[in-house]
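J.: To start, I am sharing the structure in question, which I have written as structure tokens.
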Amino acid sequence: MTPASRATARAAVVTGASRGLGAVLARLLAGEGFSLVLNARDAARLERVAGELRARGSQVTVVPGDLTESRVRERIATAVDAESGLDLLVNNAASLGPTPLPTLDAVGLADLERVYRVNVVAPIALVQALLPALSARRGLVINLSSDAAIGGYPGWGNYGASKAALDLASVTMAHELASRGVSVVAVDPGDLKTPGAEPAFSPEEFATRPPPEVTGPFWLWLIGQPPSAVTGRRFRAQADHWGAENVP
Ligand SMILES: NC(=O)c1ccc[n+]([C@@H]2O[C@H](COP(=O)([O-])OP(=O)(O)OC[C@H]3O[C@@H](n4cnc5c(N)ncnc54)[C@H](OP(=O)(O)O)[C@@H]3O)[C@@H](O)[C@H]2O)c1
């Protein structure tokens, strides 16, 4: 990619891009011509995804590390070209916490806090770190939610409450950041057959889930919308008409 085409190409950050839905999203965005900054903790696995995309001509920078660490978020912000800006931040990385999933009366408080740090604090902190770049391109933040945010499923309270908090943070930021030109949506991708989901289900249940690629048409639709036309909404990627909902 030449310096001139890099300045005009759309740019995205995808967290948790080493596997599961995040790797699928990285491939999809690369296919749409985005330059990418990818993050996950496992550097070797992340580099495998990046290498595959570079071999097809994509501009990819990897920033391995734990998103709960401010220096990792700062390295992501440095990797993003602040001058030409950022079109898309996909806050995809998340933690289910320990499995088997403990009920809230029994969950260890360190585990409870860790899930909130990964699923709520890190995505908000990343928006803070990338705000100038997002504002420069009137960009879109996509926060990955879950049906567990509204389900009240036994055992899913730690993860589900963290996603409910992220949903409310999403619609609140949509209002707060409108004047800065930044849009924010929440997306429940629906049940998927990913490495992260596997430990929480029996082999029989897990086998019935669709691969993360089924959400492809939704993402292509979403990135084709003017961000200001979708801001503040919560989508279900596998529902009819993409399931735009009012955020709770
Ligand atoms: N799968 C489903 O059925 C489902 C349903 C509803 C919602 N979702 C949501 O969709 C998103 C993707 O889910 P998934 O199932 O694809 O997840 P996954 O298979 O567990 O992948 C999670 C990704 O995040 C990275 N990650 C985890 N903790 C991190 C941290 N502290 N810092 C940086 N990277 C971290 C992981 O890599 P490392 O381990 O190398 O860091 C991995 O690349 C999540 O937000 C999830 O809550 C999934």
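J.: So in region 83-101, with the set limited to residues that are touching a Leu at 6+ places or on another chain (Cβ under 9 Å) and more than 16 Å from residue 38 (Cβ to Cβ), which one is farthest from the ligand (Cβ to nearest atom)?
T.: Let us first name the residues in region 83-101 that are touching a Leu at 6+ places or on another chain (Cβ under 9 Å), namely 85-94, 97.
When the remaining residues are screened for being more than 16 Å from residue 38 (Cβ to Cβ), the result is 85, 97.
Working: 85: 23, 97: 11 Å.
Top of the filtered list is 85.
J.: Can you tell which of 152, 139 is among the small types (Gly, Ala, Ser) and over 15 Å from the mean Cα position of the chain (by Cα)? Outline the logic, then answer.
T.: Details: 139 fails: over 15 Å from the mean Cα position of the chain (by Cα).
One residue alone meets the criteria, 152.
J.: Among the residues of region 104-114, is there at least one that is of a type in the set (D, E, K, R), at pLDDT 95 or above and closer than 23 Å to residue 71 by Cβ? Walk me through it before giving the result.
T.: Step one: of region 104-114, the residues of a type in the set (D, E, K, R) are 105, 111, 113-114.
Filter once more, so that each one left must be at pLDDT 95 or above: 105, 111, 113-114.
In the following step, the residues that additionally are closer than 23 Å to residue 71 by Cβ were identified as 113-114.
Checking region 104-114: at least one residue is of a type in the set (D, E, K, R), at pLDDT 95 or above and closer than 23 Å to residue 71 by Cβ.
J.: Has region 87-98 got any residue that is touching a residue at least 12 places away in the same chain (Cβ under 8 Å), out of contact with any Phe, Trp or Tyr (no Cβ under 8 Å at 6 or more places or on another chain) and acidic (Asp, Glu)?
T.: The answer is no, given that none of the residues of region 87-98 is touching a residue at least 12 places away in the same chain (Cβ under 8 Å), out of contact with any Phe, Trp or Tyr (no Cβ under 8 Å at 6 or more places or on another chain) and acidic (Asp, Glu).
J.: Cβ-Cβ distance below 8 Å, separation of 6 or more or different chains: which pairs start in region 57-86 with a residue that is within 14 Å of residue 40 (Cα to Cα) and of a type in the set (D, E, K, R) and end on one that is open to solvent by 40 Å² or more (accessible area, probe 1.4 Å) and within 10 Å of the ligand (Cβ to nearest atom)?
T.: 66/41
J.: Report the residue count in region 177-201 for those that are more than 9 Å from the ligand (Cβ to nearest atom) and either under 17 Å from the mean Cα position of the chain (by Cα) or surrounded by 17 or more Cβ atoms within 10 Å (Cβ to Cβ) (or both).
T.: Adding up the residues that qualify gives 6.
J.: Something else about it: Consider residue 115 carefully, then state whether it is more than 20 Å from residue 137 (Cα to Cα), of a type in the set (A, V, I, L, M, F, W, C) and surrounded by 19 or more Cβ atoms within 10 Å (Cβ to Cβ).
T.: Yes.
J.: Scanning region 102-135 for residues that are within 18 Å of residue 163 (Cα to Cα) and among the hydroxyl-bearing types (Ser, Thr, Tyr), which turns out farthest from the ligand (Cβ to nearest atom)? Before the answer, list the steps.
T.: Let us first name the residues in region 102-135 that are within 18 Å of residue 163 (Cα to Cα), namely 102-104, 107, 109-127.
From what is left, the residues that are among the hydroxyl-bearing types (Ser, Thr, Tyr) are 103, 116.
Details: 103: 19, 116: 12 Å.
That would be 103.
J.: Would you say residue 126 is in contact with a Gly (Cβ under 8 Å, 6 or more places away or on another chain) and open to solvent by less than 30 Å² (accessible area, probe 1.4 Å)?
T.: Values: in contact with a Gly (Cβ under 8 Å, 6 or more places away or on another chain): no; open to solvent by less than 30 Å² (accessible area, probe 1.4 Å): yes.
No, not satisfied.
J.: Return the residue satisfying two criteria in turn: it lies in region 42-78 and is in a loop (DSSP other than H, G, I, E, B) and loosely packed, with under 15 Cβ neighbours inside 10 Å, and of such residues it is farthest from the ligand (Cβ to nearest atom). Steps first, please.
T.: To start, the set of residues in region 42-78 that are in a loop (DSSP other than H, G, I, E, B) comprises 42, 56-59, 63-69.
Imposing the further condition that a residue be loosely packed, with under 15 Cβ neighbours inside 10 Å reduces the set to 42, 56-57, 69.
On the way: 42: 3, 56: 20, 57: 23, 69: 8 Å.
In this case the residue turns out to be 57.
J.: Taking into account only those residues within region 205-247 that are touching a residue at least 24 places away in the same chain (Cβ under 8 Å) and of a type in the set (D, E, K, R), which is least open to solvent (accessible area, probe 1.4 Å)?
T.: Here the residue is 234.
The values are calculated or read from the model by the stated rules, or taken from the named source; none is laboratory data. A quick note: this is a predicted structure, and the numbers were derived from the prediction, not measured. As a convention, Cβ positions derive from the backbone with ideal geometry for all residues, glycine included, and neighbour counts pool all protein chains shown. Surface areas here come from the heavy atoms of the whole protein model, side chains and all, with no ligands, DNA or RNA. Shrake-Rupley method; radii C 1.70, N 1.55, O 1.52, S 1.80 Å.
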